[in-house]
Amino acid sequence: MKEVYSIKEATNKIEHYCAYQERCHEEVVSKLWSMKLDSQEIDEIIVYLIGSNFLNESRFACSFARGKHRIKHWGNIRIVNELKFRKISTYNINLALKEITTEEYTATFHSLAERHWETIRETNSLKKRKKFCDYLLRRGFESNLVYEKVKDLESDSI
């Protein structure tokens, strides 16, 4: 990467960076820091990007939530934690969670849970339960959903 960028070059480069995929403010700022710009130049570019609609935190949060749920099958807890990690506001996090319908959320949860239950090759039922619960909790699904589902699946397999 080139050492020193003019504001114009940096702006062009960061426009492409933002146009390629939705970005949060923090990703863009760290990219600009890596281009060795000072904080005044970074602020100037960020204001321009927001004004030109290249950077939109609400749009990022919604697209992030949809994508992580539909593609990676993450639950709400994991999505919320990842958005908080990216310093997204509570307002935008709540907006993003509305992108996933309750029907879609429960359908994803049940299909993922049933598929995973079938793949666990563990004869000890306690170990199987633990592996199953750990997996779904890591994915960010609510513990009450996970524990109800494990009871259902165990009663079905007896």
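FYI, it's all coordinate maths here, none of it is from the lab. Not measured: the values here are computed from a predicted model. For neighbour counting, all protein chains shown are included, and Cβ atoms are generated from backbone atoms with ideal geometry for every residue, glycine included.
Considering only C-alpha atoms, what is the centroid distance from the range 106-158 to the range 48-88, in Å?
Using only Cα atoms to place each centre, the spacing works out to 27 Å.
Out of the trypsin sites (Lys or Arg not before Pro) in the range 23-88, which ones are loop residues according to DSSP with at most 12 other C-beta atoms within 10 Å?
Within the range 23-88, the qualifying trypsin sites (Lys or Arg not before Pro) (loop, at most 12 other Cβ atoms within 10 Å) are 72, 87.
Counting GluC sites (Glu not before Pro) as exposed when in a DSSP loop with at most 16 other beta carbons within 10 Å, what is the longest stretch of the chain free of them?
On the way: sites that count: 3, 122, 142.
Longest stretch, sites excluded: 4-121.
Students often get this wrong, so check it: of 31/87; 127/149; 72/127; 98/151; 98/128; 8/98, which have C-alpha atoms separated by over 27 Å?
The answer is 98/151; 98/128; 8/98.
Report the net charge of residues surrounding residue 148, where surrounding means a beta-carbon distance below 12 angstrom and charges are Lys +1, Arg +1, Asp -1, Glu -1.
Overall, the nearby charge balance is -1.
Rg and Dmax of the range 102-157, Cα atoms, in Å?
Using the Cα atoms of the range 102-157, the pair Rg, Dmax is 10.6, 34 Å.
Going by alpha carbons, how many degrees (0 to 90, nearest 10) lie between the helix axis of 125-138 and the longest principal axis of the chain?
20
For residue 16, what is the net charge nearby, where nearby means another residue's Cβ is under 13 Å from its Cβ and Lys, Arg count +1, Asp, Glu -1?
Taking every Cβ under 13 Å from that of residue 16, the sum is +1.
Can you give the relative contact order of the chain as a percent, counting alpha carbon pairs under 8 Å and 6+ residues apart?
On the way: 133 pairs, mean separation 32.6, N = 158.
The value is 21 percent.
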